[in-house]
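Single-structure report; data block below.
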Amino acid sequence: MNIQKLQQEIIEYSKQIGIDKIGFASTSPFDELKERLIRQQKLGYQSGFEESDIEKRTNPELLLPKAKSIIAIALAYPSKLKNAPRSTKTERRGIFCRASWGQDYHYVLRDRLKKLEAFILERVPEAKVKSMVDTGELSDRAVAERAGIGWSGKNCSIITPEYGSYVYLGEMITTVPFIPDTPLEDRCGTCNKCVDACPTGALIQGGQLDSNKCIAFLTQTKGFLADEYREKLGNRLYGCDTCQTICPENKGKDFHFHEEMEPDPEVVKPLLRPLLFISNREFKEKFGPISGSWRGKKPIQRNALIALAHYKDRTAIEDIKQVLKEDPRPVMRGTAAWALGKIGDTESREFLLLAREKEKDEEVLMEIDKGIQMLEGKKS
């Protein structure tokens, strides 16, 4: 088997099937990553969404016996929304982060990896392969970095010279011994813009993230959001792009290579008020195809209430009152009470006082009291 020839064929085929960048890496353990993950775990910086077994995350051979190499792929996604609807005083809108635009990227990348698998197995039938995207054990970024896809930026994203950090990553472990590519040189240098711009200080320093403070993580949680983060959320419904949009390497980068990744403006920049009462079925129909829907509607609805409070949207007061009065979920009632405090008036205070008499949930009662205190502060 001529490895060099096969490798070149794979590179050419990858372009035909819509893979924007491909690289090859060895399967030696990711020792440096292992140390970093142990440190992250000790500091309590992990989100809980990642694979908990550090050995599996850093040793490819545990995932595929006799593994000899890893193929890393990257697909560029759009950074600019065409025909973006305007957010007006009477029709406020929220926003989903760019990585959630278009069809769920897990499906898009799995499609490309499956085609790549078939291509390899046709030529090397005895080969073994194992592909993964995002939810797999391996760190997509560590693999992409080793395979020369890009360097690991201070914003904890892989930054490619061609597409900036607006890329989705996936990888395939294989028993075929491909020739490894050379990692790229880090180009962040002394630039610290992403660290300085992080709204919550989640980027502790270049390349180190406290996931529990990261807005991208916080928008996906299901409970009450800590007060200090509500103020920082703005109109974000899912994810956060600040550390990417501020990056000089992303300036002018906007790629529309893949039809599946084209966003529907009404889906990724939706009206906020209708979200408060959307049914499960409606939510699934409208938002189901995008990756930002994976946690269900509750976090999105809670974030919509916070966004309305951020805008101090008086036109939403009656809707927010209805949520407080009728929603069976404590997180929604409590967040609605807080939102009324942020944007309400004397009438809202009376409403909150009445709600307090009927409310049984302790956490909701605390939020109602917060709302009342805010309104009383405005009055004085």
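The values are calculated or read from the model by the stated rules, or taken from the named source; none is laboratory data. Everything numeric in this text was worked out from a predicted model, so none of it was measured. Please note: Cβ atoms are built from the backbone with ideal geometry, for glycine as well, and neighbour counts cover all protein chains shown.
Checking each residue of the stretch 305-312 against the condition of being farther than 18 Å from Phe217 by Cβ, in contact (Cβ under 8 Å) with a residue 60 or more places away in the chain, among the hydrophobic types (A, V, I, L, M, F, W, C) and surrounded by 18 or more Cβ atoms within 10 Å (Cβ to Cβ) gives at least one match. Within the set Pro125, Pro78, Pro65, the sole residue that is under 30 Å from Val268 (Cβ atoms) and surrounded by fewer than 21 Cβ atoms within 10 Å (Cβ to Cβ) turns out to be Pro78. Scanning the stretch 313-339 for residues that are within 21 Å of Ser87 (Cβ to Cβ) and aliphatic (A, V, I, L, M) yields Ala316, Ile317, Ile320, Val323, Ala336, Ala339. Filtering the stretch 243-260 to residues that are under 17 Å from the mean Cα position of the chain (by Cα) and surrounded by fewer than 21 Cβ atoms within 10 Å (Cβ to Cβ) leaves Thr245, Ile246. Only one of the numbered conditions (1) surrounded by 11 or more Cβ atoms within 10 Å (Cβ to Cβ); (2) modelled with pLDDT of 90 or more is violated by Thr58, and that is (2).
There is at least one residue in the stretch 371-379 that is of a type in the set (S, T, N, Q) and without any contact (Cβ under 8 Å) to a residue 60 or more places away in the chain. For the stretch 54-111, how many residues meet the condition of being hydrophobic (A, V, I, L, M, F, W, C), in a helix (DSSP H, G or I) and either over 20 Å from the mean Cα position of the chain (by Cα) or not assigned by TED's automatic domain parsing to the domain that holds Leu138 (or both)? Result for the stretch 54-111: 2.
Tell me, yes or no, whether the stretch 198-209 has at least one residue that is part of a helix (DSSP H, G or I), assigned by TED's automatic domain parsing to the domain that holds Pro330 and modelled with pLDDT under 95. Looking through the stretch 198-209, none of the residues is part of a helix (DSSP H, G or I), assigned by TED's automatic domain parsing to the domain that holds Pro330 and modelled with pLDDT under 95. Within the stretch 141-179, the set of residues being part of a helix (DSSP H, G or I) and either in contact with a helix residue (DSSP H, G or I) (Cβ under 6 Å, 6 or more places away or on another chain) or in contact (Cβ under 8 Å) with a residue 40 or more places away in the chain (or both) comprises Ala142, Val143, Ala144, Arg146.
Restricted to the stretch 89-117, and to residues that are within 16 Å of Leu275 (Cα to Cα) and of a type outside the set (A, V, I, L, M, F, W, C), which residue is surrounded by the fewest Cβ atoms within 10 Å (Cβ to Cβ)? Filtering the stretch 89-117 for residues that are within 16 Å of Leu275 (Cα to Cα) and of a type outside the set (A, V, I, L, M, F, W, C), the one surrounded by the fewest Cβ atoms within 10 Å (Cβ to Cβ) comes out as Thr90. What's the number of the condition Pro289 fails, among (1) crowded, with 18+ Cβ neighbours inside 10 Å; (2) not small (Gly, Ala, Ser); (3) not in a helix (DSSP H, G or I)? Of (1) crowded, with 18+ Cβ neighbours inside 10 Å; (2) not small (Gly, Ala, Ser); (3) not in a helix (DSSP H, G or I), only one is false for Pro289: (1). Of all the listed residues (Ala84, Ala72, Ala99), the sole one being touching an Asp or Glu at 6+ places or on another chain (Cβ under 6 Å) and touching a residue at least 60 places away in the same chain (Cβ under 8 Å) is Ala72. Looking across the stretch 245-271, the residues that are assigned to a loop (DSSP other than H, G, I, E, B) and out of contact with any Lys or Arg (no Cβ under 7 Å at 6 or more places or on another chain) come down to Lys251, Gly252, Lys253, Phe255, His256, Phe257, His258, Glu262, Pro263, Asp264. Checked against the criterion of being within 18 Å of the chain's Cα centre (by Cα), more than 30 Å from Leu121 (Cβ to Cβ) and part of a strand (DSSP E or B), the candidates Leu237, Leu225 yield just one match: Leu237.
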